[in-house]
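The values are calculated or read from the model by the stated rules, or taken from the named source; none is laboratory data. Given the structure is predicted, the values throughout are model-derived calculations rather than measurements. Glycine also receives a Cβ, built like all others from the backbone with ideal geometry; neighbour counts cover every protein chain displayed. Ligands, DNA and RNA are stripped out before the accessible areas are found, and what is left, the full protein with its side chains, is counted by its heavy atoms. Shrake-Rupley method; radii C 1.70, N 1.55, O 1.52, S 1.80 Å.
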Amino acid sequence: MDRVEQFHLVVVTCPAARVDFPALSGRPRAMTLSTRITTLLGDGSDGWDVFNKARGMIADGVAVTELTIGEHDIRTHPDILAAMNASAVGGHTGYAAIPGTPGLASAVADRIARQSGVPTRPENILITAGGQAGLFAAHMGVTDPGDKALFIDPYYATYPGTIRSVGAVPHPIVTQARHAFLPQRDALEEAAKSAKSLLINSPNNPTGVIYPRETLEMIADICIRHDLWLISDEVYDSQVWDGAHLSPRALPGMAERTLVIGSMSKSFAMTGARVGWVCGPETAISHLTDLSTNTNYGVAGFVQDAAEYALRRGNGLEQEVAAPFRRRRAITLDALRGQTAVTAIPPQGAMYTMLDIRATGLTGEAFAYGLLEAEHIAVMPGESFGQSAAGHIRVAMTVDDDTYRDALSRLIQFAQVRAA
Ligand code: PMP
């Protein structure tokens, strides 16, 4: 084995917390990684084991129906790609403005002002590399190391890791299926006493629930009385099937303590473009711009131009992107009728349905593994979204209607046999 091979062997097989580099003397020297990075995933699992297993089966040539991640079955609209191409070919390939191009920042501000009714200027907007970078920036902006950062369980898989990555301490607020997974005042009030921030997500991934006005008013009241920052993840705001999306930033006293996270990923099928935003008070945005300068140094100019083009096209395009999920929601509710092995809180928004499979006596994880083995259908176990979603599975409505209908019917049969 030569020196290079030896080096690869040591690096690739190293345990998470240690990387051994061969020192010049020939003896490996142990380098320590930060606790922050090695404990990012908490218990060491990111809850994506079933997904990874499904991907492994696909790589081995097995035909698996994937109802796992929030990736559309359509691609980015050709007009958006044409705008991206025109911008790049036209020369917007150098460093782009860091808080965001003036054009995109004002298109985002206009959209937010129109939808929420809250006066919003480009100075309230930081363009980020997707909503995920916005979530990181927002927590970095409002918490100090050791601060308690609240989030609602069940939750989008990255939330605890994002909070840990800024040195804050993630604290889940457990909810119940019988309350439609909505946070209740008592639990929130108690946790809020010693917390710095609260992260909410409506329309919700994974539950599909949209927070009603009363819940948002209760949350606003708690944030104001306990002096909490509210981080409102609204990346699914264009996917509303039932009821209406209300941004909590619009509630009295909230604009100065709310950071809204938005994204082009879900609304315009632009997941790969990595473009999103944080909307908040000007001072916060100005400091977050410093963070952006010192981390990713902005978002590609041609991507920002494409996003601006998409936003300025009006909401016809957003509705086109959302339409398949509206149809598949109806397919889901239809498929669930007339049986009790699988039930659901009808999703009010977003591209997922959370199915209650407790009648089978299986955990979400056992159900998901069993379904993958028996039917080659991949779903996410509820447990990957926190303890509140135990005994559930999340289905992403992200395959064509016929495949989706067929997969659901096989999933229900699989459950019925076990529930009998
Ligand atoms: N928030 C939620 C609730 C999500 O589901 C996702 C993506 N699945 C994100 C944020 C991040 O999305 P992106 O970074 O692509 O905007």
TODO: Name the single residue, out of those in region 52-77 being within 30 Å of Ala310 (Cβ to Cβ) and of a type in the set (Asp, Glu), that is surrounded by the fewest Cβ atoms within 10 Å (Cβ to Cβ).
DONE: Glu71
Task: Residue under evaluation Gly208, criteria (1) of a type outside the set (A, V, I, L, M); (2) farther than 21 Å from Arg164 by Cβ; (3) open to solvent by 10 Å² or more (accessible area, probe 1.4 Å), criterion not met - done: (3)
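Condition check ((1) open to solvent by less than 70 Å² (accessible area, probe 1.4 Å); (2) more than 16 Å from the ligand (Cβ to nearest atom); (3) among the charged types (D, E, K, R)) across all residues:
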| position | (1), (2), (3) |
| --- | --- |
| Thr35 | no, yes, no |
| Val50 | yes, yes, no |
| Pro119 | no, yes, no |
| Glu123 | no, yes, yes |
TODO: Using the structure shown, decide if Arg249 is farther than 17 Å from Pro119 by Cβ, modelled with pLDDT of 95 or more, more than 16 Å from the ligand (Cβ to nearest atom) and in the same structural domain as Ala168 (by TED's automatic domain parsing).
DONE: no
Open item on the list: over 22 Å from the mean Cα position of the chain (by Cα), farther than 17 Å from Ala350 by Cβ and in contact (Cβ under 8 Å) with a residue 12 or more places away in the chain: which single residue out of Leu198, Leu259, Leu230, Leu251 fits that description?
Closed with: Leu251
TODO: Output the number of residues of region 259-300 satisfying the condition of being assigned to a loop (DSSP other than H, G, I, E, B) and either surrounded by 18 or more Cβ atoms within 10 Å (Cβ to Cβ) or not assigned by TED's automatic domain parsing to the domain that holds Thr120 (or both).
DONE: 13
Open item on the list: Given the criterion more than 25 Å from the chain's Cα centre (by Cα) and open to solvent by 10 Å² or more (accessible area, probe 1.4 Å), identify the matching residue among Glu375, Glu365.
Closed with: Glu375
TODO: Please identify the pairs in which a residue from region 128-153 that is assigned to a strand (DSSP E or B) has its Cβ atom under 9 Å from the Cβ atom of a residue that is charged (D, E, K, R) and at pLDDT 95 or above, counting only partners at least 6 apart or on another chain.
DONE: Thr128/Arg274; Lys148/Lys196; Ala149/Lys196; Leu150/Lys196
Task: All positions within region 101-117 that are aliphatic (A, V, I, L, M) and within 16 Å of the ligand (Cβ to nearest atom) - done: Leu104, Val108, Ile112
TODO: Those residues that are open to solvent by 30 Å² or more (accessible area, probe 1.4 Å) and part of a loop (DSSP other than H, G, I, E, B), I need them from region 100-117; list them, please.
DONE: Gly117
TODO: Just need a number here: residues in region 262-290 that are more than 21 Å from the chain's Cα centre (by Cα) and among the basic types (Lys, Arg).
DONE: 0
Open item on the list: I'm checking my understanding of the structure. Among residues of region 144-164 that are open to solvent by 10 Å² or more (accessible area, probe 1.4 Å) and more than 14 Å from the chain's Cα centre (by Cα), which one is nearest to the ligand (Cβ to nearest atom)?
Closed with: Arg164
Open item on the list: Between Ala187, Ala192, which is of a type in the set (Gly, Ala, Ser), surrounded by 17 or more Cβ atoms within 10 Å (Cβ to Cβ) and away from the ligand (no atom under 15 Å from the Cβ)?
Closed with: Ala192
Open item on the list: For region 50-84, give me each residue that is in a helix (DSSP H, G or I) and touching a helix residue (DSSP H, G or I) at 6+ places or on another chain (Cβ under 8 Å).
Closed with: Val50, Lys53, Ala54, Met57, Asp79, Ile80, Leu81, Ala83, Met84
Task: Residue among Tyr404, Tyr369 that is under 22 Å from Gln239 (Cα atoms), out of contact with any Phe, Trp or Tyr (no Cβ under 6 Å at 6 or more places or on another chain) and assigned to a helix (DSSP H, G or I) - done: Tyr404
Open item on the list: So, Ala97, is that one more than 15 Å from the ligand (Cβ to nearest atom) and either closer than 18 Å to Tyr297 by Cα or surrounded by fewer than 24 Cβ atoms within 10 Å (Cβ to Cβ) (or both) or not?
Closed with: yes
Open item on the list: I'd like the full set of residues that are in a helix (DSSP H, G or I) and surrounded by 17 or more Cβ atoms within 10 Å (Cβ to Cβ), limited to region 332-362.
Closed with: Thr332, Ala335, Leu336, Arg358, Ala359, Thr360
TODO: Would you check if Ala180 is assigned by TED's automatic domain parsing to the domain that holds Glu234, away from the ligand (no atom under 16 Å from the Cβ), aliphatic (A, V, I, L, M) and open to solvent by less than 20 Å² (accessible area, probe 1.4 Å)?
DONE: no
- [ ] Find the residue count for region 378-397, including only residues that are in a helix (DSSP H, G or I) and open to solvent by 10 Å² or more (accessible area, probe 1.4 Å).
- [x] 4
- [ ] Would you tally the residues in region 349-408 being of a type in the set (A, V, I, L, M, F, W, C), under 25 Å from Val240 (Cβ atoms) and away from the ligand (no atom under 16 Å from the Cβ)?
- [x] 5
- [ ] Kindly list the number of the only condition in (1) within 16 Å of the ligand (Cβ to nearest atom); (2) of a type in the set (Lys, Arg); (3) outside the structural domain of Ala244 (by TED's automatic domain parsing) that fails for Arg327.
- [x] (1)
